[in-house]
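Student: Pasting a structure here, questions to come.
The values are calculated or read from the model by the stated rules, or taken from the named source; none is laboratory data. Just so you know, these numbers come straight off a predicted model, no measurement behind them. Here the Cβ positions follow ideal geometry from the backbone for every residue, glycine too, while neighbour counts run over all protein chains shown. Surface areas here come from the heavy atoms of the whole protein model, side chains and all, with no ligands, DNA or RNA. Shrake-Rupley method; radii C 1.70, N 1.55, O 1.52, S 1.80 Å.
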Amino acid sequence: MSDPIEKIAKVCHEVNRLYCQSHGDTSQPAWDDAPDWQKKSARVGVLHLLTNRKATPEQTHESWLCEKKADGWVYGPVKNAEFKTHPCMVPYEELPQQQRIKDSLFQAVVRGMS
């Protein structure tokens, strides 16, 4: 894996996966088992932060929302890739605290590795 964006995305994904596990959410697959749409989303998030170094977590979430909407995702109480529903398809201020922390961890990893 020589692509730096891919490397950072993998670390971000794994940090978030382990954070989720620490809260009892075991739904996140390991990077090597993650579906392409999930890997793409992580790479897009990394690229956003590399090109917008001063982005806040709110701005990063807004970028994620735009990317998901463009791909056909909508709000749903459960994340479901088949139906493209996700409970985080809400404004940043409506996100649960655990999700906000997850977003901050993602940013910290990108900034720490770049």
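Student: Take the residues in segment 69-80 that are closer than 23 Å to Leu18 by Cα and not aliphatic (A, V, I, L, M), then tell me which one is least open to solvent (accessible area, probe 1.4 Å).
Tutor: Within segment 69-80, the match that is least open to solvent (accessible area, probe 1.4 Å) is Asn80.
Student: While we're on this one: Test each condition in (1) of a type in the set (A, V, I, L, M, F, W, C); (2) open to solvent by 20 Å² or more (accessible area, probe 1.4 Å); (3) closer than 27 Å to Pro4 by Cα for Phe83 and report the one that comes out false.
Tutor: Phe83 satisfies every listed condition except (3).
Student: Can I ask one more? Residues that are touching a helix residue (DSSP H, G or I) at 6+ places or on another chain (Cβ under 8 Å) and touching a residue at least 60 places away in the same chain (Cβ under 8 Å): which helices (runs of 4 or more DSSP H) entirely in segment 8-114 hold 3 or more of them?
Tutor: Values: elements: 36-51, 57-70, 97-113.
Once the helices (runs of 4 or more DSSP H) in segment 8-114 are filtered for at least 3 residues that are touching a helix residue (DSSP H, G or I) at 6+ places or on another chain (Cβ under 8 Å) and touching a residue at least 60 places away in the same chain (Cβ under 8 Å), what remains is 36-51, 97-113.
Yes or no, residue by residue, for (1) among the charged types (D, E, K, R); (2) in contact with a strand residue (DSSP E or B) (Cβ under 9 Å, 6 or more places away or on another chain); (3) farther than 22 Å from Asp3 by Cβ:
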{"site": "Leu18", "(1), (2), (3)": "no, no, yes"}
{"site": "Arg53", "(1), (2), (3)": "yes, no, no"}
{"site": "Cys66", "(1), (2), (3)": "no, no, yes"}
{"site": "Gln107", "(1), (2), (3)": "no, no, no"}
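Student: Here's a follow-up. Consider segment 32-62. How many of its residues are polar (S, T, N, Q) and surrounded by 18 or more Cβ atoms within 10 Å (Cβ to Cβ)? Quick ask: steps written out before the conclusion?
Tutor: Step one: filter segment 32-62 for residues polar (S, T, N, Q), giving 38, 41, 51-52, 56, 59-60.
Among the residues that remain, those that are also surrounded by 18 or more Cβ atoms within 10 Å (Cβ to Cβ) are: 41, 60.
So the count comes out to 2.
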